[in-house]
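First the structure, in the form of structure tokens, and then the observations on it.
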Number of protein chains: 4
Amino acid sequence: MIEIITTGGTIDKVYFDAKSTYEVGESPVGELLREANLTVDIRVRPLLRKDSLEMTDADRAQIRRAVQESATERIVITHGTDTMVETGRALLGIAGKTLVLTGAMLPARFRSTDALFNVASAITAVQLLPPGVYIAMHGRIFDPRTTRKNVAENRFETLAGD
Amino acid sequence: MIEIITTGGTIDKVYFDAKSTYEVGESPVGELLREANLTVDIRVRPLLRKDSLEMTDADRAQIRRAVQESATERIVITHGTDTMVETGRALLGIAGKTLVLTGAMLPARFRSTDALFNVASAITAVQLLPPGVYIAMHGRIFDPRTTRKNVAENRFETLAGD
Amino acid sequence: MIEIITTGGTIDKVYFDAKSTYEVGESPVGELLREANLTVDIRVRPLLRKDSLEMTDADRAQIRRAVQESATERIVITHGTDTMVETGRALLGIAGKTLVLTGAMLPARFRSTDALFNVASAITAVQLLPPGVYIAMHGRIFDPRTTRKNVAENRFETLAGD
Amino acid sequence: MIEIITTGGTIDKVYFDAKSTYEVGESPVGELLREANLTVDIRVRPLLRKDSLEMTDADRAQIRRAVQESATERIVITHGTDTMVETGRALLGIAGKTLVLTGAMLPARFRSTDALFNVASAITAVQLLPPGVYIAMHGRIFDPRTTRKNVAENRFETLAGD
């Protein structure tokens, strides 16, 4: 059993025409996975609907608690990219759990998006990696302790010296 | 020959992850049409990139001028839905031209969107209707003089008494 | 009210992995239209599931009967492209009905397909045209009496001299 | 650097309207990956265009040779599902290479398909697993020595007793 905890971010953004705004909405991750015809047992748990820039210490404590209280050992967390590294660091040191954070640069509801690739990558990585915290983005696996989001180039990279 | 003049609106909205905002961008209408394998001759002309709520009288005058100066008699105008009716009225009375306004409630770049249906409907209507100004939305053809956008229900409707 | 009668053809083809074959299946037209957010009243009626090359005189008689017995005056018929013209001719001479045939070169279930454009075009044309039989393909409206499918170039064209 | 060798199968199937048939065509895997915005270095190498039921011993020898001669240690092989297990077994015993086979139950060009999920899963697994041969399907990783395709249920499963 794999649990997917959704917390918001670009991956979950929907468009509200009535207000001409673009906000975090109900996560489409469960729907995305239906067409992948998976035989691995997955449970999606919606936890937060936050832009990653608005994620507070209290939110991170809530995610940590959700992970610790979960009965599953393998957990994927979907999250906004801007502070994914910070949340990853806030989840360090939980014994016996493999945690993989992922997200997307373009909303999952777009016709062209990196969302499905990243979620598939995270679901695979969470089954193969030993306990610890990881980030799965752009086809690579990162260690949150030595990673940053390069905002100008819109991608994750390993810190120099690593 | 059919000309498509793009002026912005939800149909053209793209997502900028760097700024976590959602703005009018380069119109995807030309790209949408490529896969439709059309044999009718179409030219896409990008004119404005405006949210329809920000459309001014000067913008409408510019659209009217573009229509009058166009060598083609059959013109589709993509436009935001909030003030599509107003722009339609501002284009009344141009002799010898069939004008069809259309747009979308969800961006054309979404996986699920009304954009392609509406553009296809407008391209068809502009070939079949006599000179005048029309709105093609939700599978119906409206007269801008007797139409309004029902914001609460997010759809166009004919004014009572019509 | 517009009725859509589905008869099969490429537009309705699905892929059966178990048999590694590709066959006419349940028509996806109704599903396609759901995301277009239409306000025009549409009823989809599945009639046949035939490759257009296998369409017989008896099938065409059945389609003609279905059209004549329908309570609606505006009917779209989805059909394979290879013999769409022949079926169009077999439907000539029904008083008081506007009939528009359409289909697709690529199955509607493909990510990139002409199906939605063509169906949108047909739904629009059937509302605007006087009684008679028409073909809506590639953004154009054809008269089946003077049209043929150019198989080599995979498109419909008006017969020379028309 | 990861190499992706494409050999055909359902994942690569395209539709030829001219012949109303559905055949293995140019692999869409490279195109699929472009929108995933990967930062891992990937090279796609088209090798065969075969239905997996038509894959011969000579074909498998050719795939084995391609793997052995490749300069890369991490190789994904896209393949039809019917004989993916057999090809996996034919690739056993190559020292120092991690090989992951994957494919799809529905063509990658479909709007709804398992292709992208499976390829993403394979690209992730090939980076995390030690040398050996694996199958990535439906979100799980299989060992070809103890796996079979359950044709009736259209999915891979581990042999009883494993």
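Laboratory data are not the source of any read-out in this text; all were calculated from the coordinates shown. What you see is a predicted model, and the numbers here were worked out from it, not measured in a lab. Quick reminder, even Gly has a Cβ in these numbers, built from the backbone with ideal geometry, and neighbours come from all protein chains shown.
Per-residue mean of other chain beta-carbon atoms within 10 angstrom of the beta-carbon, peptide A:136-142?
Values: counts 2, 3, 5, 13, 6, 4, 0.
Averaged over the peptide's residues, the number is 5.
Can you show me the helix-derived [θ] at 222 nm for chain D, built from DSSP H runs with n ≥ 4 at -39,500 (n - 2.57) apiece and divided by the number of residues, rounded to the nearest 500. Could the numbers behind the result be given before it?
Numbers: 4 runs with 40 residues, N = 162.
Taken over chain D, the calculation gives -7000 deg cm²/dmol.
Consider all pairwise Cα distances in region D:2-158 and report the whole-number % of them above 29 Å. Don't skip to the answer; put the middle values down first.
Numbers: 1206 of 12246 pairs.
Of all Cα-Cα distances in region D:2-158, 10 percent exceed 29 Å.
Tell me the distances, shortest first, between B:R89 and the same position across the other copies, using label points 7 Å along Cα→Cβ, in nm to one decimal.
Going from nearest to farthest copy, the values are 5.2, 5.7, 7.6 nm.
Run the dipole for the protein assembly as shown about the Cα centre, Lys and Arg Cβ at +1, Asp and Glu Cβ at -1, nothing else charged, and hand back the magnitude in debye, nearest 20.
Details: 80 positive and 84 negative charges, 0 e Å.
Taking the Cα centre of the protein assembly as shown as origin, the dipole is about 0 debye.
Can you tell me which of D:A58, D:A71, D:A125 moves the most in a GNM of chain D? Springs connect C-alpha atoms under 10 Å apart.
Top of the fluctuation ranking is D:A58.
Nearest-5 percent of antiparallel DSSP beta bridges in the protein assembly as shown? Spell out each step's value before the answer.
On the way: 46 of 125 bridges.
The antiparallel proportion sits near 35 percent.
Percent antiparallel among DSSP beta bridges with both residues in chain D, to the nearest 5?
Details: 11 of 30 bridges.
Looking only at bridges with both residues in chain D, the antiparallel portion is about 35 percent.
State the residue of chain A whose Cβ is nearest the axis carrying A onto C, and the distance in whole angstrom.
Closest to the rotation axis on chain A: A:R111, 4.
First check a/c for the protein assembly as shown, with a ≥ b ≥ c the square roots of the eigenvalues of its C-alpha gyration tensor; if it is under 1.5, answer rounded, and if not, answer prolate when a/b is larger than b/c or oblate otherwise. Intermediate results must be reported in sequence, preceding the final value.
On the way: a/c = 2.29, a/b = 1.39, b/c = 1.65.
Oblate, since a/c reaches 1.5 and b/c is not below a/b.
Treating only the Cβ atoms of Lys and Arg (+1) and Asp and Glu (-1) as charged, compute the dipole magnitude of chain A about its Cα centre; round to the nearest 20 debye.
Numbers: 20 positive and 21 negative charges, 30 e Å.
Here chain A has a charge dipole of around 140 debye.
More than 17 Å apart: what percent of Cα pairs in region C:1-92 qualify?
Details: 2148 of 4186 pairs.
Value for region C:1-92: 51 percent of Cα pairs lie more than 17 Å apart.
Using a 10 Å cut-off on Cβ to Cβ distances, tally the other chain neighbours for every residue of D:118-131 and report the average as a whole number.
The mean count of partner-chain Cβ atoms within 10 Å per residue comes to 6.
Which cross-chain or sequence-distant (5 or more) residues have an amide H under 5 Å from the amide H of A:R45, H modelled 1.01 Å from N in plane?
For A:R45, whose amide H was placed from the backbone, the distant partners under 5 Å are A:I4, A:I5, A:T6.
Give me B:I63, A:I123 ranked fewest to most by other Cβ atoms within 10 Å of their Cβ, as a rough exposure proxy. Don't jump to the answer; show the numbers that get you there.
Values: B:I63 22, A:I123 27.
Lowest count first: B:I63, A:I123.
Specify the inter-centroid distance of region B:1-74 and region D:30-73, based on alpha-carbon positions, in whole Å.
41 Å
Near D:K50, which aspartates and glutamates are there with a Cα under 16 Å away, not counting those fewer than 8 places off in the same chain?
Partners within reach: C:D17, D:D12, D:E23, D:E26, D:D59, D:D82, D:E86.
Just list whichever of A:K13/B:K13; A:K13/D:K13; A:K149/B:K13 have alpha carbons separated by over 23 Å in the model shown. Numbers along the way, then the final one.
On the way: A:K13/B:K13 14 Å; A:K13/D:K13 33 Å; A:K149/B:K13 25 Å.
Violating the 23 Å limit, Cα to Cα: A:K13/D:K13; A:K149/B:K13.
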